[in-house]
Each structure stands twice: as C-alpha cells, then as structure tokens.
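> Handing you a structure now.
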Amino acid sequence: MGHYPEIAAISSQRTILAGETVVAVGERSGYLGYVLDGILGMKKVLPDGRTHIIGLLTEADMFGRVLDGGSGFSVEALTDAEVFCIERQPFERILRQDPATERAFLVNVLDEIDAARDWVLLLGGRRVLERVASMLLLLVRHRSPQAEGGERGGHAPVPVDLPIRRADLAQYLGTRPESLSRAFHRLQSRGLIRLLDPFHFEIIDYAALVEISGNDRFVASEHPRG
C-alpha cells in the first residue's frame, strides 16, 4: 500500500487502563482501534438492564466503524491494554482514494466476521466444559494462526494467557464463576490442561481438547510438533 506514511501520520499509540470505556454505546468514535496488547470487552445492555459481554477483543483485533453510524455496543478494557489508534475521518478519505488500502481493510473486516462466527460457535456449546474447551482452542488459533497446524496434536505444552477476571469470563460464556472454575479443574484432572495460575494455562492434550469441544473445525494435525 502506498499510503502507509499517511496512515502513520494520523495514528498514535494509546495506553488504556482496565475498566476504562473506550467507545460508548451509540458513539461514532473519532478513531479506529487496533489492539496491540491486552483484552477489551464488547458490552451490550440487555432489555432487562443487565450488561452482557458479547465479544472479546485481543491482540490484532480491530474495533470502530467507518463510513456509517455509531457503535451498537460499548468497548471496555478488561485488562490494561495498548491500542494503536487511527483517526477515522482521514482514514476514510484514504480508503476512498486508494483501492489497495480499501481492499486490505475489507479483508481485515472479513477476518473479524469469521472470528465472530467462531465465538458464536463457542457459545453454542451445550455444556460449560465444551465452551471452555472451545475458548482455549480459539485463543491458541487467534494467537498464532500460522502455528496452529503445528500445535494441533503436538507433544509440547501450548501456553494460553487469559488475564481477565473469572467473573467477566463467566459472564461472556453464559455461566457462573463457580461453574467455570469446575470446568477448568475437570480439564486439568483429565490431563488436558495445566493451570499455572488463575490467568495462565498450558494445553497438554490438544487432540483431546478438540474432542471435548465438539467442533469439527479443530482437527488434530497429521504432523504433530516435534
């Protein structure tokens, strides 16, 4: 893309503290965000007044709308985060002027739609255990899509970081914190994962985790990692 210098000129890096609202419901944010580090939550107020986490934004995810309307949900930092911010109006002008930049942006949007479908699949798990297994697999794939094939069925433990409160995670997965904790400990007792601390895990048996998740898209690799 020939417009990288222009994009750099309208961009900046921002530190967001846990609990800070990045985008309010209905707000047409003045910038687009690209998550460099940390976890943000997309939150929506339900008709009964309860707030529900409808999505997680982790490293390499984008948020913010271009060319149309305000946000249908709020974006809040669940952990301290680093975000790369691009001023919206100048960026919209670049998209109109440069088809290559517009195409690259649309490809990113399509990736985000695919990721949203994965999260919907995760929440479709009938049991909490299935949802937790799917979530861990998705986090591994999201962290390094290129490495996923090597990690499936591999013998070395696969690290997974999930530095958000269990209450927030339970809300997102549609369960209670105590049920979530039981699911994690069941996976550990079966030898599928290792709990290093409340926020860090290791996947020990990737193929078995795939089986528990019940998701056909996670198929064990024929070539396990060394």
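> With the requirement that a residue be outside any loop (DSSP other than H, G, I, E, B) and among the acidic types (D, E), what does segment 49-87 give you?
Matches in segment 49-87: E76, E82, E87.
> Do we find a residue being open to solvent by 20 Å² or more (accessible area, probe 1.4 Å), without any contact (Cβ under 8 Å) to a residue 12 or more places away in the chain, farther than 15 Å from L129 by Cα and touching a helix residue (DSSP H, G or I) at 6+ places or on another chain (Cβ under 6 Å) anywhere in segment 166-186?
Among the residues of segment 166-186, at least one is open to solvent by 20 Å² or more (accessible area, probe 1.4 Å), without any contact (Cβ under 8 Å) to a residue 12 or more places away in the chain, farther than 15 Å from L129 by Cα and touching a helix residue (DSSP H, G or I) at 6+ places or on another chain (Cβ under 6 Å), which makes the answer yes.
> Among the residues of segment 12-27, which ones are surrounded by 13 or more Cβ atoms within 10 Å (Cβ to Cβ), assigned to a loop (DSSP other than H, G, I, E, B) and either in contact with a Lys or Arg (Cβ under 6 Å, 6 or more places away or on another chain) or without any contact (Cβ under 8 Å) to a residue 60 or more places away in the chain (or both)?
Once the filter is applied, which keeps residues that are surrounded by 13 or more Cβ atoms within 10 Å (Cβ to Cβ), assigned to a loop (DSSP other than H, G, I, E, B) and either in contact with a Lys or Arg (Cβ under 6 Å, 6 or more places away or on another chain) or without any contact (Cβ under 8 Å) to a residue 60 or more places away in the chain (or both), segment 12-27 yields E20, A24, V25, E27.
> Just give me the residues in segment 36-48 being modelled with pLDDT under 85 and in a loop (DSSP other than H, G, I, E, B), in sequence order.
Matches in segment 36-48: L46, P47, D48.
> Taking E6, is it open to solvent by 30 Å² or more (accessible area, probe 1.4 Å) and in contact with a Pro (Cβ under 8 Å, 6 or more places away or on another chain)?
Spelling it out, E6 is indeed open to solvent by 30 Å² or more (accessible area, probe 1.4 Å) and in contact with a Pro (Cβ under 8 Å, 6 or more places away or on another chain).
> Okay, moving on. Collect the residues in segment 188-226 that are at pLDDT 90 or above and either in contact with a Cys (Cβ under 7 Å, 6 or more places away or on another chain) or in a loop (DSSP other than H, G, I, E, B) (or both), keeping them in residue-number order.
R190, G191, L192, I204, D205
> Which ones in segment 37-57 are open to solvent by 60 Å² or more (accessible area, probe 1.4 Å) and closer than 19 Å to D161 by Cβ?
Answer for segment 37-57, where residues must be open to solvent by 60 Å² or more (accessible area, probe 1.4 Å) and closer than 19 Å to D161 by Cβ: just D37.
> Can you tell me which of T101, T79 is touching a His at 6+ places or on another chain (Cβ under 8 Å), polar (S, T, N, Q) and either at negative phi or modelled with pLDDT of 90 or more (or both)?
Just one listed residue meets the conditions, T101.
The values are calculated or read from the model by the stated rules, or taken from the named source; none is laboratory data. What you are looking at is a predicted structure, and each value in this text was computed from that prediction instead of being measured. Please note: Cβ atoms are built from the backbone with ideal geometry, for glycine as well, and neighbour counts cover all protein chains shown. Calculation scope for accessible area: heavy atoms of the full protein, side chains included, ligands and nucleic acids excluded. Shrake-Rupley method; radii C 1.70, N 1.55, O 1.52, S 1.80 Å.
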